[in-house]
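The values are calculated or read from the model by the stated rules, or taken from the named source; none is laboratory data. Just so we're clear, the structure is a prediction, and the values are computed from it rather than from any experiment. Cβ coordinates were reconstructed from backbone atoms using ideal geometry, including for glycine residues, and neighbour counts include every protein chain displayed. Accessible surface is based on the protein model in full, side chains and every heavy atom, while ligands, DNA and RNA are left aside. Shrake-Rupley method; radii C 1.70, N 1.55, O 1.52, S 1.80 Å.
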Amino acid sequence: MSSELNPRTKHYEFLGPPGAFLISIGIPAVTYALYFGCSEVTGGCPPQINGDHVVHALTDATWWKSLWDTQAATAYFAWYAFCVVAWAILPGDLVAGTKLRNGGRKKYKINAFSTFLLALGATTGYIMRYGPESFTFIYHKWVGLVTAAILMSLIQATYCYASSFKSGALLALGGNSGNILYDWYIGRELNPSIGSLELKSFNELRPGLILWVLINISMVCEQAVRRGGFRNVTDSMWLVLAFHSWYVADGLYNEPALFTTMDIVTDGFGFMLAVGDLVVVPFTYTVQSRYLAFHPVELGPFWTIGILAFKFVGYYIFRSSNGEKNDFRNGKNPKNLTYMETKRGTKLLTSGWWGWSRHPNYFGDWMMGISWCLPTGANTPITYYYALYFAILLIHRQLRDEEACQEKYGDDWKRYKKLVPYRIIPYIY
Ligand code: NDP
């Protein structure tokens, strides 16, 4: 493929190769730290350990060996294989993605939601047949499962980087710097595929996102075993399960919406996305349910309703703002919203949700993220990790998106920013 179509990347993100190195080490480290920092094994959340304990563990070879668990790794790889087989055999429409730089379009098989239903059905049937104790495996094999998912991310990022040198590969505009570490991390090829299996969209939706719900179910089972059955599982645990399951089901059900997101349209598939999809999503977004498994919290009706209301407001903002933009980008404007013309020919909404801030959808999403942490009460800040992490992720993403829009729209973007001055939260940020 010509260098015109695959130009050299001249601009680094994430502080370039040193940043890529630190994040590649940092994400797995934080994932383990979140477990050891909030776990019965280390005596609580936060744990009853000091710096000496940490140094002792890190300098002890047996501790490092304990991160590996063959049974857990086998289970994890079997889970991944299940997702691939389900993708291959479950029926689904073929939907074309957005137009690529080379004029082509990728075709995606839409069956993430049916894969989810199959996994849920099989899990529920298994638990009904064998009881809650049969599905606490994930709670007890946590560290081994995390290690297996990190290994899977490393394998995939390395495979995708190596295979991006085949002739005809369409590279991500940001992933062709020539620096091995950076390109491996950020993702060199735009749509690495094995046959018709496009790895980026597959990983984004199936093995991590569905596992997130299965992990929560395992945490419910662990609490049920400890408290004498499902009917004694706390309201807070059910709330977390319901919130997360809803978010995942919604994302999977609206699978085609993925194909217009920045991850799919712009980014390559490297370690950054692989570890995000396979490790961060299932193993850190579940810190609340894992905490509640060993530290049950009874909310009562007042707090339950309050948290539910907060969540619904967030969901409403998230869904209706995304809906307004999707409609508009598909040539529909049912609410007669005002917009501005750009020299590029694309229009930008200037009223409705998109008149309040330049990313109202991120605001709604963040509110939902906070509501996921609230059921754990005020006993520990660690379960609020997700709200903080998500705020950082969304702010960083907003900066990246606005940089891209500035490049796309030039002076028109400056004009748009004057019309809509707030970035995410009206009157605040
Ligand atoms: P957006 O859906 O906000 O899309 C940004 C793009 O929208 C811009 O690049 C621009 O593209 C277009 N746009 C910007 N302003 C306007 C306007 N005024 N009128 C019309 N179009 C406009 O970003 P993402 O793809 O990042 O996010 C999609 C969803 O995914 C969000 O709801 C977000 O909250 C969620 N998300 C969830 C994450 C998670 O981990 N849970 C992580 C990241 C995102 P163009 O003009 O070229 O069409």
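On the basis of being of a type in the set (D, E, K, R) and either surrounded by fewer than 17 Cβ atoms within 10 Å (Cβ to Cβ) or more than 10 Å from the ligand (Cβ to nearest atom) (or both), does K343 make the cut?
So K343 fits the description; yes.
Just a yes or no: is a residue in region 65-77 surrounded by 11 or more Cβ atoms within 10 Å (Cβ to Cβ) and without any contact (Cβ under 8 Å) to a residue 24 or more places away in the chain?
Among the residues of region 65-77, at least one is surrounded by 11 or more Cβ atoms within 10 Å (Cβ to Cβ) and without any contact (Cβ under 8 Å) to a residue 24 or more places away in the chain, which makes the answer yes.
Hey, among the residues in region 373-410 that are touching a residue at least 12 places away in the same chain (Cβ under 8 Å) and more than 26 Å from L273 (Cα to Cα), which one's farthest from the ligand (Cβ to nearest atom)?
Result: N379.
So which residues in region 74-110 are of a type in the set (V, I, T) and part of a strand (DSSP E or B), if there are any at all?
V95, T98, I110
So, I27, is that one open to solvent by less than 70 Å² (accessible area, probe 1.4 Å), touching a Phe, Trp or Tyr at 6+ places or on another chain (Cβ under 7 Å), part of a helix (DSSP H, G or I) and modelled with pLDDT of 95 or more or not?
No; evaluated as a whole, the condition is false for this residue.
Across region 257-279, what is the total count of residues that are over 23 Å from K408 (Cβ atoms) and open to solvent by 10 Å² or more (accessible area, probe 1.4 Å)?
Residues that pass the stated criteria total 2.
Residues in region 252-306 that are among the hydroxyl-bearing types (S, T, Y), more than 23 Å from W238 (Cα to Cα) and in a loop (DSSP other than H, G, I, E, B): how many?
Residues flagged as among the hydroxyl-bearing types (S, T, Y), more than 23 Å from W238 (Cα to Cα) and in a loop (DSSP other than H, G, I, E, B) within region 252-306 amount to 2.
Determine the pairs where a residue that is in the same structural domain as F116 (by TED's automatic domain parsing), located within region 236-249, has a partner that is buried (at least 20 other Cβ atoms within 10 Å of the Cβ) and among the small types (G, A, S) with Cβ atoms under 6 Å apart, the partner being 6 or more residues away or on another chain.
Close Cβ pairs (under 6 Å, with a partner that is buried (at least 20 other Cβ atoms within 10 Å of the Cβ) and among the small types (G, A, S)) amount to V240/S289.
For region 315-328, which residues satisfy the criterion of being open to solvent by 70 Å² or more (accessible area, probe 1.4 Å) and under 15 Å from H359 (Cβ atoms)?
Listed by number, the residues that qualify are R319, K325.
Only residues that are open to solvent by 40 Å² or more (accessible area, probe 1.4 Å) and either at positive phi or assigned to a helix (DSSP H, G or I) (or both): list them for region 126-154, please.
Those that are open to solvent by 40 Å² or more (accessible area, probe 1.4 Å) and either at positive phi or assigned to a helix (DSSP H, G or I) (or both): Y126, M128, R129, Y130, E133, F137, H140, L151, L154.
From the list N176, N191, which one is surrounded by 13 or more Cβ atoms within 10 Å (Cβ to Cβ), touching a strand residue (DSSP E or B) at 6+ places or on another chain (Cβ under 6 Å) and of a type outside the set (V, I, T)?
When all the criteria are applied, what remains is N191.
Is it the case that A33 is open to solvent by less than 90 Å² (accessible area, probe 1.4 Å) and out of contact with any helix residue (DSSP H, G or I) (no Cβ under 6 Å at 6 or more places or on another chain)?
It is true that A33 is open to solvent by less than 90 Å² (accessible area, probe 1.4 Å) and out of contact with any helix residue (DSSP H, G or I) (no Cβ under 6 Å at 6 or more places or on another chain).
If you check V225 against the conditions, is it of a type outside the set (S, T, Y), surrounded by 20 or more Cβ atoms within 10 Å (Cβ to Cβ) and in a helix (DSSP H, G or I)?
Here the answer is no, as V225 does not meet what is asked.
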